[in-house]
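Novice: Sending over a structure as structure tokens; questions will come in a sec.
The values are calculated or read from the model by the stated rules, or taken from the named source; none is laboratory data. Not measured: the values here are computed from a predicted model. Note: ideal-geometry Cβ built from the backbone for every residue, glycine included; neighbour counts use all protein chains shown. For accessibility, only protein heavy atoms count, side chains too; no ligands or nucleic acids. Shrake-Rupley method; radii C 1.70, N 1.55, O 1.52, S 1.80 Å.
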Amino acid sequence: MTRRSCAIYATGIVCAFLLIVGIVLLVTQVFQIMINERIKKEITLAENSRVLSSWINPPVPVYMQYFFFNVTNPEEFLAGRAKPHVTQMGPYTYREYRPRENVTFLENGTKVFATNPKSFVFLPDMSVGDPEVDLLTTPNIPFIAVMNEMHSYSFFVRTLVSVFIKSMGVEMFMTRTVHEFLWGFKDPLMAKLHTLKPEVDEYFGLMYKKNGTHEGEFVFHTGEKNYMDYGKIETWNGIRQMNWWSSDQSNMINGTDGSVFHTFLSRKELLYIFAADLCRSIHLAYVNDTEVKGIPAFRFAPPPDVLAAPDENPNNAGFCVPAGDCLGKGVLKVSVCREGAPIVVSFPHFYQADRKYIDAIEGMNPNKEEHETYLDLNPTTGVPIRACKRAQLNVIMKRVPGFPQTKFLNETIFPIMYVNETATIDDDSATQMKTLLLIEKIVPNFPMIILGMGTILLLVLILLVCRNRQRKV
């Protein structure tokens with residue numbers, strides 16, 4: 001056998017081998033399955049120390065912005081001569097640090113216990129105004145809380161309490177610095193109640209005792225058993241289901257805490273998040289494809305039915321407490337899980353809420369760009385690339401018999417403040433993510449590369465055979 005014949009046979013054998021192997025790998029998708037399984041294993045808390053480290057100490061900077069609504073005409077509103085007019089103050093921006101502590105793996109690494117204390121540091125360069133100087137006029141929430149607690153008492157008792165509060169100089173609206181209203185001050189009414197009931201704290205603030213504290217004890221699934229369960233909450237404060245709403249479905253603790261999600265997300269699925277500050281779980285639906293720092297992402301946002309009235313979404317009837325006592329679209333009463341004032345949450349400026357709530361307050365300008373909550377998630381890894389959580393705190397103000405200060409009031413959901421909590425993936429994490437996604441794209445294409453090499457050798461084989469025949473002729 002000549003050297004030329006040996007080359008032809010060798011080329012033919014290698015060509016056939018590459019073509020067969022390439023076709024088999026392409027049909028069976030071995031590399032695709034292999035890389036998918038690898039990603040599923042990589043993005044779990046028990047398998048990957050880097051993922052666990054990022055989960056315990058997130059490298060992504062989180063910023064909390066507080067916006068307040070300053071009331072400019074409290075006297076006219078209380079006298080029934082005008083609807084309330086508010087002007088927006090802020091943002092007052094804080095860097096939020098949220099490490100996980102007391103991390104303990106349970107049940108052979110399939111679950112993990114952790115707390116998540118949050119601390120805040122003021123950032124003057126990212127703020128508009130000084131919270132320790134700027135004065136804010138807003139509804140007196142401690143006063144409203146006392147009136148709310150007096151509903152079950154007789155008119156005579158309510159009148160006596162009203163006279164007593166009036167003698168203290170306490171009014172329906174208060175003026176304090178933003179810092180005091182946010183982080184706490186000694187309130188005269190709360191201080192007086194403290195002398196009568198020591199368990200009542202004499203200090204009041206929207207974030208009082210919340211700097212450096214956590215929202216509860218969580219047990220999460222690590223994804224070790226099933227990658228679809230990665231990050232899902234097993235228990236919160238030792239319970240699997242709440243008890244303050246009026247239906248079992250509304251009391252369910254569903255989804256993750258919003259910091260992680262399972263891999264290989266679908267545009268058709270709903271993502272569930274348990275929000276401890278809202279005392280409920282909410283769902284997010286796919287909106288559109290987007291890109292952040294060169295990383296592809298799916299945008300998910302709460303659809304309008306999350307805070308829809310029960311006549312639009314019957315599933316929300318369970319959030320009416322007592323049963324049948326429902327508010328309109330776009331607002332949720334959370335005072336059932338937070339003792340005191342009748343607190344209501346909504347999206348900022350009553351975005352997606354009934355028009356009556358917007359029209360009742362002069363100064364509301366809802367718009368999607370500034371007031372929508374959303375999550376941008378990489379669909380392959382399930383990692384949040386960009387997040388924006390926006391929520392507004394409101395209080396119900398209404399006429400209470402026995403309190404003459406309220407005699408001209410119609411029930412009004414009064415905006416107090418809203419938060420804009422944002423986070424965007426840092427550059428180092430983005431680089432690591434893009435490297436992982438590049439590998440995920442290249443490896444599944446190995447069968448095509450092998451087929452390409454086999455095709456090239458087939459062309460070489462045909463050329464060699466033709467030239468060999470020409471020589472013989």
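Novice: Counting only residues that are on the phi > 0 side of the Ramachandran plot and in contact with a Lys or Arg (Cβ under 6 Å, 6 or more places away or on another chain), how many does the range 307-328 have? Before you say what the answer is, go through the steps one by one.
Specialist: Pass one, the range 307-328, residues on the phi > 0 side of the Ramachandran plot: 324.
Going one step further and asking which of them are in contact with a Lys or Arg (Cβ under 6 Å, 6 or more places away or on another chain), we end up with none.
Within the range 307-328, residues that are on the phi > 0 side of the Ramachandran plot and in contact with a Lys or Arg (Cβ under 6 Å, 6 or more places away or on another chain) number 0.
Novice: Let me ask another. Could you list, ordered by first residue, the pairs with Cβ atoms under 7 Å in which the first is in the range 153-175 and under 26 Å from VAL71 (Cβ atoms) and the second is open to solvent by 30 Å² or more (accessible area, probe 1.4 Å) and in a loop (DSSP other than H, G, I, E, B), at least 6 apart or interchain?
Specialist: ARG158/PRO401
Novice: Residues in the range 315-323: is at least one touching a residue at least 24 places away in the same chain (Cβ under 8 Å) and under 30 Å from THR424 (Cβ atoms)?
Specialist: For the range 315-323, residues touching a residue at least 24 places away in the same chain (Cβ under 8 Å) and under 30 Å from THR424 (Cβ atoms): absent.
Novice: Does MET172 meet the test of being under 15 Å from VAL146 (Cα atoms), modelled with pLDDT of 90 or more and out of contact with any His (no Cβ under 6 Å at 6 or more places or on another chain)? Working first, answer last.
Specialist: Working: under 15 Å from VAL146 (Cα atoms): yes; modelled with pLDDT of 90 or more: yes; out of contact with any His (no Cβ under 6 Å at 6 or more places or on another chain): yes.
Taking the combined requirement at face value, the residue satisfies it.
Novice: Continuing with the same structure: Would you please list the contacts, defined by Cβ atoms under 6 Å and residues six or more apart or on different chains, that run from a residue in the range 272-286 that is over 9 Å from ASN254 (Cα atoms) to a residue that is open to solvent by less than 30 Å² (accessible area, probe 1.4 Å) and aromatic (Phe, Trp, Tyr)?
Specialist: LEU284/PHE300; TYR286/PHE298; TYR286/PHE300
Novice: Of the residues in the range 138-154, how many are open to solvent by less than 30 Å² (accessible area, probe 1.4 Å) and in a loop (DSSP other than H, G, I, E, B)?
Specialist: Our first condition is that a residue be open to solvent by less than 30 Å² (accessible area, probe 1.4 Å); within the range 138-154, this holds for 138-147, 150.
The next check asks that each one be in a loop (DSSP other than H, G, I, E, B); those that pass are 140.
The total comes to 1.
Novice: Is it the case that the range 187-202 has a residue that's closer than 22 Å to ILE413 by Cβ and touching an Asp or Glu at 6+ places or on another chain (Cβ under 6 Å)? Let's see the steps before the verdict.
Specialist: Restricting attention to the range 187-202, the residues satisfying the condition of being closer than 22 Å to ILE413 by Cβ are none.
Within the range 187-202, none of the residues are closer than 22 Å to ILE413 by Cβ and touching an Asp or Glu at 6+ places or on another chain (Cβ under 6 Å).
Novice: Also, I was wondering about something else. Being within 17 Å of ALA275 (Cβ to Cβ), of a type in the set (Gly, Ala, Ser) and open to solvent by less than 30 Å² (accessible area, probe 1.4 Å) narrows it down to one residue among GLY223, GLY216; which is it? If you could, list the steps in order and put the result at the bottom.
Specialist: On the way: GLY223 fails: within 17 Å of ALA275 (Cβ to Cβ).
That would be GLY216, the only listed residue that is within 17 Å of ALA275 (Cβ to Cβ), of a type in the set (Gly, Ala, Ser) and open to solvent by less than 30 Å² (accessible area, probe 1.4 Å).
Novice: On the basis of being part of a helix (DSSP H, G or I), more than 31 Å from the chain's Cα centre (by Cα) and under 23 Å from PHE77 (Cβ atoms), does MET190 make the cut? Working first, answer last.
Specialist: Values: part of a helix (DSSP H, G or I): yes; more than 31 Å from the chain's Cα centre (by Cα): yes; under 23 Å from PHE77 (Cβ atoms): no.
Judged against the criteria, MET190 is not a match.
Novice: Among the residues of the range 235-251, is any of a type in the set (A, V, I, L, M, F, W, C), under 22 Å from GLN392 (Cα atoms) and assigned to a loop (DSSP other than H, G, I, E, B)?
Specialist: yes
Novice: Okay, next question. Which of the residues belonging to the range 111-129 are farther than 26 Å from ILE343 by Cβ, touching a residue at least 24 places away in the same chain (Cβ under 8 Å) and not aliphatic (A, V, I, L, M)?
Specialist: Across the range 111-129, the qualifying residues are LYS111, PHE113.
Novice: Provide a single number: the residues in the range 337-358 that are over 15 Å from ALA391 (Cα atoms) and open to solvent by 50 Å² or more (accessible area, probe 1.4 Å).
Specialist: Number of matching residues: 4.
Novice: If PHE181 passes every condition in (1) part of a loop (DSSP other than H, G, I, E, B); (2) surrounded by 19 or more Cβ atoms within 10 Å (Cβ to Cβ); (3) at pLDDT 90 or above but one, which one does it miss?
Specialist: PHE181 satisfies all of (1) part of a loop (DSSP other than H, G, I, E, B); (2) surrounded by 19 or more Cβ atoms within 10 Å (Cβ to Cβ); (3) at pLDDT 90 or above except (1).
Novice: OK, next. Having 3 or more residues that are among the polar types (S, T, N, Q) and open to solvent by 30 Å² or more (accessible area, probe 1.4 Å) is the bar; report the strands (runs of 3 or more DSSP E) wholly within the range 359-435 that clear it. Give the steps one after another, and end with the answer.
Specialist: Details: elements: 374-377, 384-397, 412-424.
Counting at least 3 such residues, we get no strands (runs of 3 or more DSSP E) at all.
Novice: Restricting to the range 196-210, name every residue that is more than 17 Å from VAL170 (Cα to Cα) and of a type outside the set (Asp, Glu).
Specialist: Here is the first cut: in the range 196-210, the residues more than 17 Å from VAL170 (Cα to Cα) are 196-201, 206-210.
Once the filter is applied, which keeps residues that are more than 17 Å from VAL170 (Cα to Cα) and of a type outside the set (Asp, Glu), the range 196-210 yields LEU196, LYS197, PRO198, VAL200, LEU206, MET207, TYR208, LYS209, LYS210.
Novice: Regarding LEU393, is this residue modelled with pLDDT of 95 or more and either under 30 Å from SER429 (Cα atoms) or touching a Gly at 6+ places or on another chain (Cβ under 7 Å) (or both)? Explain how you work it out, then say what you get.
Specialist: On the way: modelled with pLDDT of 95 or more: yes; either under 30 Å from SER429 (Cα atoms) or touching a Gly at 6+ places or on another chain (Cβ under 7 Å) (or both): no.
In short, no.
Novice: While we're on this one: Quick check, is SER246 within 30 Å of THR435 (Cα to Cα), open to solvent by less than 60 Å² (accessible area, probe 1.4 Å), touching a residue at least 40 places away in the same chain (Cβ under 8 Å) and in contact with a helix residue (DSSP H, G or I) (Cβ under 9 Å, 6 or more places away or on another chain)?
Specialist: So SER246 does not fit the description; no.
Novice: Which condition from (1) modelled with pLDDT under 90; (2) hydrophobic (A, V, I, L, M, F, W, C); (3) open to solvent by less than 30 Å² (accessible area, probe 1.4 Å) is the one that MET228 breaks?
Specialist: (3)
Novice: Could you give every pair whose Cβ atoms fall below 6 Å, whose first residue belongs to the range 188-204 and is under 17 Å from PHE164 (Cβ atoms), and whose second residue is of a type in the set (Asp, Glu), counting only separations of at least 6 or pairs across chains?
Specialist: Sorted first by the residue in the range 188-204, then by its partner, the pairs are MET190/GLU202; ALA191/GLU202; HIS194/GLU202.
Novice: Please count how many residues of the range 254-308 are over 16 Å from the mean Cα position of the chain (by Cα), in a loop (DSSP other than H, G, I, E, B) and at pLDDT 90 or above.
Specialist: The number of residues fulfilling the criteria is 8.
Novice: Out of (1) in contact with a Lys or Arg (Cβ under 9 Å, 6 or more places away or on another chain); (2) surrounded by 19 or more Cβ atoms within 10 Å (Cβ to Cβ); (3) in contact (Cβ under 8 Å) with a residue 40 or more places away in the chain, what's the single condition that is false for VAL331?
Specialist: Status for VAL331: all satisfied but (1).
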